[in-house]
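Enquirer: Pasting in a structure now, in structure tokens, and then I'll have a few things to ask.
The values are calculated or read from the model by the stated rules, or taken from the named source; none is laboratory data. The model shown is predicted, which means the values in this text are computed figures rather than measured ones. Every residue, glycine among them, receives a Cβ derived from its backbone with ideal geometry; neighbour counts consider all protein chains shown.
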């Protein structure tokens, strides 16, 4: 780079000293503005619970800052370190629980994180069974693990004595929404949003957006989740939910942008690629759909859902041999991974069989049909696939 000496030469000329109080007032105002900015920053980013004097607050702030950057794995790691030193420290438990749950929704293979969050809160309550913040975190983990009744009971018991416990109110709202009490959920999430400060404001806004969506107010849900995104633009879960609300409005372009935002913050995210595959297929952008589905199977070869989506896309395009191969991978993986029969993708067998029938592949058609029949004996599979007693007609 060429140095512009005319611009970088030091100037030793003496400047006339200014007089009067204006410089002093200017400096004073700058100090006040700076102090106000620091105070606002501290108010926004302080932990929602007072940190105990014997806890390493630097570690907690590092964990919260990692969460703010979207580094949930980093936040989880640091929070675990804090709990290793100070078991049941409320801030660390709350942050670890939220980080685990939010990470579980942000990628395809992290469902186990919700179970870990429940373990963390359960263990913390053994150390400090009377702490209302730990009970609130426990309620939050319960509803994430599909136990809304227990979550509501725990949250209500916290709120009876601590009505300002925001996380308990958020958990209560999510619990009501999970059982179809959408109006009550909307009321509770609205109150939580009005009272929330610091990091918990993101959680409250997210709960409110979910409640609005459940009520069919998708435009309001979009506005609300965008407020949450403004507070934490690196939290990829929010973009998945933004895309969901956009799709409810039939806005495929906005959903696409939301999924691209996931990839901006997590370029290796497989779940976002699967959603882009589904969205491209819905919009009949076949080449794009095939590309995204293929990327899913390359990055997550053991995920049967990716092979199912790829197989269906090939089938739509009339590439029946490729569809048969991909759907065979889907069915094989589900059997190998011991997915419960009633939770398996029926299409991985049925559409695979249809592709084989179209190709006149009697051997594979008979094999997959017999596998399906054996699998469905004594099960609760709702779908039906039946040939005459003598077998598929093309094999006669």
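Enquirer: Restricting attention to region 49-58, does a residue exist that is assigned to a helix (DSSP H, G or I), surrounded by 10 or more Cβ atoms within 10 Å (Cβ to Cβ) and either at pLDDT below 50 or within 25 Å of the chain's Cα centre (by Cα) (or both)? Steps first, please.
Expert: Start the filter on region 49-58 by keeping residues that are assigned to a helix (DSSP H, G or I), which leaves 57-58.
Add one more test, that the residue is surrounded by 10 or more Cβ atoms within 10 Å (Cβ to Cβ), and what stays is 57.
Then keep just the ones that are either at pLDDT below 50 or within 25 Å of the chain's Cα centre (by Cα) (or both); that gives none.
No, there is no match, as no residue in region 49-58 is assigned to a helix (DSSP H, G or I), surrounded by 10 or more Cβ atoms within 10 Å (Cβ to Cβ) and either at pLDDT below 50 or within 25 Å of the chain's Cα centre (by Cα) (or both).
Enquirer: Restricting to region 188-209, name every residue that is part of a helix (DSSP H, G or I) and farther than 17 Å from residue 139 by Cβ. Steps first, answer last, please.
Expert: Narrowing region 188-209 to residues part of a helix (DSSP H, G or I): 188-195, 200-209.
If the condition is that a residue be part of a helix (DSSP H, G or I) and farther than 17 Å from residue 139 by Cβ, then 190, 193, 194, 201, 202, 205, 208, 209 are the ones that fit.
Enquirer: Right, something else. Run residue 183 past the list (1) under 23 Å from the mean Cα position of the chain (by Cα); (2) at pLDDT 95 or above and report the number of the one that doesn't hold.
Expert: Failing condition for residue 183: (1).
Enquirer: Between 357, 371, 390, 383, which is in contact (Cβ under 8 Å) with a residue 40 or more places away in the chain and either over 15 Å from residue 304 (Cα atoms) or more than 29 Å from the chain's Cα centre (by Cα) (or both)? Give the steps one after another, and end with the answer.
Expert: Working: 357 fails: in contact (Cβ under 8 Å) with a residue 40 or more places away in the chain; 390 fails: in contact (Cβ under 8 Å) with a residue 40 or more places away in the chain; 383 fails: in contact (Cβ under 8 Å) with a residue 40 or more places away in the chain.
Unique residue meeting the criteria: 371.
Enquirer: How many residues, within region 133-169, are touching a residue at least 24 places away in the same chain (Cβ under 8 Å), part of a helix (DSSP H, G or I) and surrounded by fewer than 19 Cβ atoms within 10 Å (Cβ to Cβ)?
Expert: 2
Enquirer: Also, quick follow-up: Would it be correct to say that residue 112 is at pLDDT 95 or above and exposed (fewer than 13 other Cβ atoms within 10 Å of the Cβ)?
Expert: Working: at pLDDT 95 or above: yes; exposed (fewer than 13 other Cβ atoms within 10 Å of the Cβ): yes.
So residue 112 passes the test.
Enquirer: Checking residue 298 against (1) surrounded by 16 or more Cβ atoms within 10 Å (Cβ to Cβ); (2) out of contact with any helix residue (DSSP H, G or I) (no Cβ under 8 Å at 6 or more places or on another chain), only one condition comes out false. Which one?
Expert: Only one criterion is unmet by residue 298, namely (1).
Enquirer: Do any residues in region 231-258 that are surrounded by fewer than 20 Cβ atoms within 10 Å (Cβ to Cβ) have Cβ atoms under 7 Å from those of residues that are not in a helix (DSSP H, G or I), where the two are at least six apart or on different chains, and which pairs are they?
Expert: Once the first residue is surrounded by fewer than 20 Cβ atoms within 10 Å (Cβ to Cβ) and sits in region 231-258, its partners that are not in a helix (DSSP H, G or I) give 234/69; 234/70; 252/283.
Enquirer: Let me ask something else. Any chance region 277-293 includes a residue that's out of contact with any helix residue (DSSP H, G or I) (no Cβ under 9 Å at 6 or more places or on another chain) and modelled with pLDDT of 95 or more? Explain how you work it out, then say what you get.
Expert: We begin by selecting, within region 277-293, every residue out of contact with any helix residue (DSSP H, G or I) (no Cβ under 9 Å at 6 or more places or on another chain); these are none.
Checked against the condition, which is being out of contact with any helix residue (DSSP H, G or I) (no Cβ under 9 Å at 6 or more places or on another chain) and modelled with pLDDT of 95 or more, region 277-293 yields no hits at all.
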